[in-house]
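Only one structure is covered here, and it is reproduced in the block below.
The values are calculated or read from the model by the stated rules, or taken from the named source; none is laboratory data. Please read all numbers here as calculations on a predicted model, not as lab measurements. We place every Cβ from the backbone using ideal geometry, glycine too, and count neighbours over all the protein chains shown. Heavy atoms of the whole protein, side chains included, go into the accessibility calculation; ligands, DNA and RNA do not. Shrake-Rupley method; radii C 1.70, N 1.55, O 1.52, S 1.80 Å.
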Amino acid sequence: MIVTTYQKSYMSNIKFFNEISIADVPSVGGKNASLGEMYNQLSSKGIKVPNGFATTADAFWYFIDSNNLRGPLDGLMGQLDKKDYVNLSAIGRQARALLQNAVIPADLAADIVAAYHKLCGGIVCETAVRSSATAEDLPDASFAGQHESYLNVKGDQEILKAVQRCYASLFTNRAIKYRIDDGFDYSKIALSVGVQKMVRSDKACSGVGFTLEPESGFRDVIHLAGVWGLGENIVQGAATPDEFLIFKPTLVQGKKAIIQKVLGEKEKTLIYSDNEDDPVLNTLTTPEKRVQFVLTDEEVTTLAKWALTIEKHYQKPMDIEWAKDGITGEIFIIQARPETVHSRKNPLQVKEYKLLQVSNALVQGEAIGSKIASGPARLLQSPLEGDKVQEGDIVVTDITSPDWDAVLKKTSAIITNKGGRTSHASIVARELGVPAIVGCGNATEKIKDGDMITVCCAEGKTGFAYAGKLAWQETELDLGAVKMPETTQPMLIAGDPEKAFGLSFYPNKGVGLMRLEFIITHTVQIHPMALVKFDELKDEKAKQQIEELTHHYPDKGKYFVDKLSQGVATIAAAFYPKDVIVRMSDFKTNEYANLLGGKQFEPVEENPMLGFRGASRYYNPLYKEGFKLECEAMKYVRDEMGLTNVKLMIPFCRTVDEGKKVINVMKQYGLHQGINGLEIYVMAEIPSNVLQAEDFAEVFDGFSIGSNDLTQLTLGIDRDSSIISSLFSEQNKSAKLMMSMVIEKARHLGKKIGLCGQAPSDFPEFAQFLVEEGIDSISFNADALLKGIENINKAELKLRALA
């Protein structure tokens, strides 16, 4: 037993935030210590923290011992079945009843009420009452999410009732199980209660933030998420939040650093109610509010700057809660704690997962993590059914809360109908290291209890649950052990923004080819000319689909610019300050026609591969206004967002005059070659690019060999033809001669030249050829990068041996 000496004074029982620092964790717990630290140290830097006070650990032990509760609690905890926990619910219920039926000592109650009056300035005010557990000899222990919090608490008796309920929550089922799992002795853990002025976010919005990207652990972004009303909906997953990504390096430069904005459904809004027993009420969000972002760009930027200041103060990645007061319009930080998942991992130790089979996707939603798991599906209505779950089962349910923690520790994966990246299920999945798919909408309808399923989160931002037990491959990589080549730069071929942050940890010298087509196909989805000439669209079905996607954009073209610029900015930020060479769109006419509204604006061609594509489109009246939107997006990324590591590249430029026309058109649209460091490259993929390389070099800043097109045009082969496909080879002597010629000319002219393609990773001898010719860089798809680097290293070693 702990023997505690009490000084029954106001100062022993209560501490106001202005008396608390981070050194007070043993007295007031991590949550309250952090609030006091920020209130005292960061208010002068413009960060607003609502005032409040905390009951101390001394106060808790005074409450326990005044009611002689140690013996009964010891007896109950001694009866707990610590193997199967069959009596956990009964033991927890009895323990909580002991504390709820006890009496707060009169002098402690008087201290709490007096502090409440002081906080409110003598009037009745609304407060948030939150638990903050502490262990005096375990100051670094985290008890996040294990205990209760209460909102909209006002009046003397309600404050006292909420404090006592917080005390009792030390013995929630999940808290009891958590302490045992983590080896904590319950009798050494006290509970501090924070009472903080309530921010009226019920009339505005609230949310959370991380000072790193929560899926990959990428450190240079801040992730913010928000919903209308009180913040519990975002944690519980009852509402899909708006999400914002802010790039730290350009934020401190004063640029427009919001690189991603995703409009969430925000299905519900949690507000105050007049019911004293249940002071909050969940309501359906109005249609008007659902299509509005909860924060303006200015507010997002302010919050991001605060988050960065908090991170610098604590010198570690942080997990933050924020709230906006709908009466005053002010934004407040209401919590900050260290991020505990990625900050403890080595990002260079990677395990790659790859699905080897294809099956029917039963459901899809947001992917949490990047793993794959299979097992029997276990459909649960509530955590009370947790006894049905066996080790390795996949829990499928509507939504989770902290009450599910003990159940989820048995699972190999989690699937929920509701929730987003910051919901409880997502947070727990990251902590447990298991894949999760959240926000599926219909998982409990499509998946049957007992079905064998495979959960795959290895395919980007979207996770899939497949029928059956599928085969997959796991590869462990130590990226820190990869030796980079000395001369030839290995770069990446990229196109999917969702994978960019994870790929940034791979050894690379930037992105040698960023394809716009992936973003246009998957994110924009609409033909740019269908946006420019929306009112002239003849296809009513396509027009309706476009309106659904763009209804919150009065200017349809701005939809294209926003979506494209955010996708490019995400990839550019992931690899900043290394070069990211963005190839302007290179769809063929048949591919463009497949975009929404596209058929009306594309000619039908016999051979689109050699038709109206690449540079020829950019100055042609049939597409020039669409190209303008591409240019506006690139100008915004470089000049407004500050991502000047973006270089641009023109594909399929047939003649030197055509190159000059394109450069002039880009200049008309605000992309001035040489201004703000803008470099414009050209793809060397047509024999004319090679034969007139000297002339093209007067127009462009560098070359990138497109080995596929250059080979097919050198050999006169349609690479899509299966009949003659066996003749296609980048290693054909004529194709290699063309490549050799353009590399030699570029080197002589002092122009950069690279190559993008699969062959240097598949064929060591081809990598040897390129290195011997003196190419500056070789770009690989992500799955071929490491093999490609190995081949470059071998080639450079041979070259040095011959020197």
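Among the residues of the range 711-726, the ones that are at pLDDT below 90 and either open to solvent by 70 Å² or more (accessible area, probe 1.4 Å) or within 14 Å of G757 (Cβ to Cβ) (or both) come to 5 in all. None of L629, L643 is in a loop (DSSP other than H, G, I, E, B), among the hydrophobic types (A, V, I, L, M, F, W, C) and either open to solvent by 10 Å² or more (accessible area, probe 1.4 Å) or in contact with a helix residue (DSSP H, G or I) (Cβ under 8 Å, 6 or more places away or on another chain) (or both) except L643. Given the criteria modelled with pLDDT under 95, of a type outside the set (D, E) and either touching a Lys or Arg at 6+ places or on another chain (Cβ under 9 Å) or within 27 Å of H551 (Cβ to Cβ) (or both), does K351 qualify? Yes: the conditions hold for K351. Scanning the range 734-751 for residues that are under 12 Å from P687 (Cα atoms) and aliphatic (A, V, I, L, M) yields a count of 6.
Of the residues making up the range 294-347, those that are open to solvent by 60 Å² or more (accessible area, probe 1.4 Å) and of a type in the set (A, V, I, L, M) number 1. Scoring V291 on the criteria (1) open to solvent by 70 Å² or more (accessible area, probe 1.4 Å); (2) modelled with pLDDT under 95; (3) not small (G, A, S) leaves a single failure, condition (1).
Would the range 133-143 turn up any residue that is over 36 Å from the mean Cα position of the chain (by Cα) and either more than 25 Å from S34 (Cβ to Cβ) or open to solvent by 10 Å² or more (accessible area, probe 1.4 Å) (or both)? The answer is no; no qualifying residue exists. Only one of the numbered conditions (1) open to solvent by less than 20 Å² (accessible area, probe 1.4 Å); (2) within 23 Å of I650 (Cβ to Cβ); (3) touching a strand residue (DSSP E or B) at 6+ places or on another chain (Cβ under 8 Å) is not met by K751, and that is (1).
When each of K794, K798, K733 is tested for being more than 30 Å from Y353 (Cβ to Cβ), open to solvent by 30 Å² or more (accessible area, probe 1.4 Å), touching a residue at least 24 places away in the same chain (Cβ under 8 Å) and out of contact with any Lys or Arg (no Cβ under 8 Å at 6 or more places or on another chain), the lone residue that passes is K798.
Being within 26 Å of A500 (Cα to Cα) and without any contact (Cβ under 8 Å) to a residue 12 or more places away in the chain is a description that does not apply to K256. Note on the range 170-250: no enclosed strands (runs of 3 or more DSSP E) hold 2 or more residues that are open to solvent by 10 Å² or more (accessible area, probe 1.4 Å) and without any contact (Cβ under 8 Å) to a residue 12 or more places away in the chain. In the range 695-708, is there at least one residue being over 22 Å from N607 (Cα atoms) and touching a His at 6+ places or on another chain (Cβ under 9 Å)? No, the range 695-708 contains no residue that is over 22 Å from N607 (Cα atoms) and touching a His at 6+ places or on another chain (Cβ under 9 Å).
Within the range 537-568, if we keep just the residues that are part of a loop (DSSP other than H, G, I, E, B) and not aliphatic (A, V, I, L, M), the residue that is least open to solvent (accessible area, probe 1.4 Å) turns out to be Y553.
Please go through the range 603-617 and pick out each residue that is within 15 Å of N590 (Cα to Cα), open to solvent by less than 20 Å² (accessible area, probe 1.4 Å) and modelled with pLDDT of 95 or more. Residues satisfying the conditions are R613, G614, R617. Comparison of F518, F505 shows that the only residue that is in a helix (DSSP H, G or I) and closer than 26 Å to K371 by Cα is F518. Under the condition of being among the β-branched types (V, I, T) and in contact with a Phe, Trp or Tyr (Cβ under 8 Å, 6 or more places away or on another chain), which residue from the range 664-692 is nearest to K647 (Cα to Cα)? It comes out as I680. Against the numbered list (1) touching a strand residue (DSSP E or B) at 6+ places or on another chain (Cβ under 9 Å); (2) under 30 Å from N417 (Cα atoms), K345 comes up short only at (1).
Here I675 passes the criteria (1) out of contact with any Ser or Thr (no Cβ under 8 Å at 6 or more places or on another chain); (2) aliphatic (A, V, I, L, M); (3) surrounded by 18 or more Cβ atoms within 10 Å (Cβ to Cβ) except the one numbered (3).
If you go through the range 261-280 and keep only what is surrounded by 16 or more Cβ atoms within 10 Å (Cβ to Cβ) and among the small types (G, A, S), you end up with just G264. Of all residue pairs spaced 6 or more apart or on separate chains, those with beta-carbon atoms under 7 Å, a first member in the range 647-671 that is at positive phi and touching a residue at least 40 places away in the same chain (Cβ under 8 Å) and a second member that is open to solvent by less than 10 Å² (accessible area, probe 1.4 Å) and in a helix (DSSP H, G or I) are F652/A615. A single member of L477, L492 is within 27 Å of G217 (Cβ to Cβ), open to solvent by 10 Å² or more (accessible area, probe 1.4 Å) and either outside any loop (DSSP other than H, G, I, E, B) or at pLDDT below 95 (or both), and it is L477. Selection of the range 754-782 for residues being in contact (Cβ under 8 Å) with a residue 40 or more places away in the chain, in a helix (DSSP H, G or I) and surrounded by fewer than 20 Cβ atoms within 10 Å (Cβ to Cβ) yields only A782. Say we look at the range 418-471 and pick out the residues that are in a strand (DSSP E or B) and small (G, A, S); which of these is most open to solvent (accessible area, probe 1.4 Å)? This residue is A467.
Out of G375, G365, one residue alone is more than 24 Å from H342 (Cβ to Cβ), at pLDDT 90 or above and not polar (S, T, N, Q). It is G375. Is it fair to say S382 is out of contact with any helix residue (DSSP H, G or I) (no Cβ under 6 Å at 6 or more places or on another chain), within 21 Å of Y466 (Cβ to Cβ) and surrounded by fewer than 20 Cβ atoms within 10 Å (Cβ to Cβ)? When the stated conditions are applied, S382 does not pass them.
Scanning the range 593-602 for residues that are within 31 Å of the chain's Cα centre (by Cα) and open to solvent by 20 Å² or more (accessible area, probe 1.4 Å) returns N594, L596. The sole residue among N590, N620 that is touching a Pro at 6+ places or on another chain (Cβ under 8 Å), open to solvent by 20 Å² or more (accessible area, probe 1.4 Å) and either among the hydroxyl-bearing types (S, T, Y) or under 20 Å from K533 (Cα atoms) (or both) is N590. Where helices (runs of 4 or more DSSP H) fall entirely within the range 22-104, those with at least 2 residues that are in contact with a strand residue (DSSP E or B) (Cβ under 8 Å, 6 or more places away or on another chain) and not hydroxyl-bearing (S, T, Y) are at 25-41, 57-66.
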